[in-house]
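The values are calculated or read from the model by the stated rules, or taken from the named source; none is laboratory data. Everything numeric here is computed off the predicted structure, so don't read it as measured data. Every residue, glycine among them, receives a Cβ derived from its backbone with ideal geometry; neighbour counts consider all protein chains shown.
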Amino acid sequence: MAYECIKVETRGGVGLVTLDRPKALNALNAKLMAELLEAARAFDADAKIGAIVITGSEKAFAAGADIKEMQSLDFVEAYMGDFIGGWDKVGTVRKPMIAAVAGYALGGGCELAMMCDFIIAADTAKFGQPEITLGTIPGMGGTQRLTRAVGKAKAMDLCLTGRMMDADEAERSGLVARVVPATELIETAIKAAEKIAGFSQPSVIMAKESVNRSYELTLAEGIRFERRLFHSLFATEDQKEGMAAFAEKRQAQFKNR
Ligand code: CO8
């Protein structure tokens, strides 16, 4: 499949998507987001792929939604055309997605990174929601996912002042899972994704689903949901294999069954 705004490759059981609009610092436009969604869905449907990494360039993961594409929209066009309405479907991909972020992750770029399951940042990464400087606000979860990730104080600070947070602050605040030297970013993210891809896919997808449910449910309901998934995994061959391998002191051979 030939794409214009992204590059797609596989590394073993890992699907790698690289955002590729270098002249616009990977600004997210309709074409790029449609391609990204198509590529992510294709990896989701591919039994050989166990996890997905989304990355950008050294300078920018993505510097936001494409300002030049949206600047002349009026309300009726934005509302009736459901502008960016389908973009957050990236978050419906079932296999784990890691955002490998170097450079700018601003506005929609930060929101895209937050739609992934976790973020590994290069020490050069800068996160922010600068929409306020443009006379607007985040539109793809920036006020919601960021607040859940870093708490109200930091989310308000970023959304109201438009300032950027560096990688260390992002890690301290809980936005980022790990910070690594920029030269090691892709390899670290691929390694983490390979590790995930080596586990049993039903348990991986259930773990992701269960963590995500914690945003929606009360603690008691969340624990009940988790317990039902946990019980259901005793129906898989991979649970038998994983526990037998532990008891026999050997490497488990999972079949995703
Ligand atoms: N949109 C369009 N073009 C952009 C964007 C963008 N968001 N960001 C950078 N570019 C372009 C520049 O216009 C420039 O193009 P040209 O060479 O043709 O003039 C090129 O990329 C390089 O950029 P700069 O020359 O500005 O590079 P600098 O290194 O000087 O500065 C910055 C880098 C600080 C990142 C700067 O480019 C900047 O501030 N960019 C805009 C950041 C921003 O405000 N982002 C928020 C956008 S609004 C948004 O995301 C709304 C989200 C709604 C939901 C979206 C869902 C995905």
Exercise for the section: Kindly indicate the residue of segment 22-56 that is in contact with a helix residue (DSSP H, G or I) (Cβ under 6 Å, 6 or more places away or on another chain) and over 21 Å from LYS191 (Cβ atoms) and also farthest from the ligand (Cβ to nearest atom) among those meeting that condition. Expected result: LEU37
Exercise for the section: Under 6 Å between Cβ atoms, at least 6 apart or on separate chains: pull out the pairs that start in segment 9-29 with a residue that is touching a residue at least 60 places away in the same chain (Cβ under 8 Å) and end on any residue that is loosely packed, with under 15 Cβ neighbours inside 10 Å. Expected result: LEU16/GLU9
Exercise for the section: With a cut-off of at least 1 residues that are in contact (Cβ under 8 Å) with a residue 40 or more places away in the chain and within 16 Å of the chain's Cα centre (by Cα), name the strands (runs of 3 or more DSSP E) lying wholly within segment 65-176. Expected result: 97-101, 104-106, 118-122, 126-128
Fill in the blank from the handout: Conditions (1) small (Gly, Ala, Ser); (2) surrounded by 17 or more Cβ atoms within 10 Å (Cβ to Cβ); (3) more than 18 Å from CYS116 (Cβ to Cβ); (4) without any contact (Cβ under 8 Å) to a residue 24 or more places away in the chain -> ALA244 fails only (2)
Exercise for the section: Taking the residues in segment 2-33 that are surrounded by 15 or more Cβ atoms within 10 Å (Cβ to Cβ) and in a helix (DSSP H, G or I) as candidates, determine which candidate is farthest from the chain's Cα centre (by Cα). Expected result: ALA24
Problem - Answer residue from segment 211-230, given it is part of a helix (DSSP H, G or I) and small (Gly, Ala, Ser) and is surrounded by the most Cβ atoms within 10 Å (Cβ to Cβ) among those - result: GLY222
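Which of the residues spanning segment 193-210 are of a type in the set (Gly, Ala, Ser) and in a helix (DSSP H, G or I)? Steps first, answer last, please.
First, pick out the residues of segment 193-210 that are of a type in the set (Gly, Ala, Ser): 193, 197-198, 200, 203, 207, 210.
Matches in segment 193-210: ALA193, ALA197, SER203, ALA207, SER210.
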Practice task
Scan segment 65-78 and give yes if some residue there is more than 22 Å from TYR3 (Cβ to Cβ) and of a type in the set (Asp, Glu), otherwise no.
Solution key: yes
Problem - Sole exception among (1) more than 15 Å from the chain's Cα centre (by Cα); (2) crowded, with 19+ Cβ neighbours inside 10 Å; (3) in a loop (DSSP other than H, G, I, E, B) for VAL179, by number - result: (3)
Problem - Pairs where the first residue, in segment 196-221, is at positive phi and the second is at pLDDT 95 or above and outside any helix (DSSP H, G or I), C-beta under 9 Å, 6+ apart - result: none
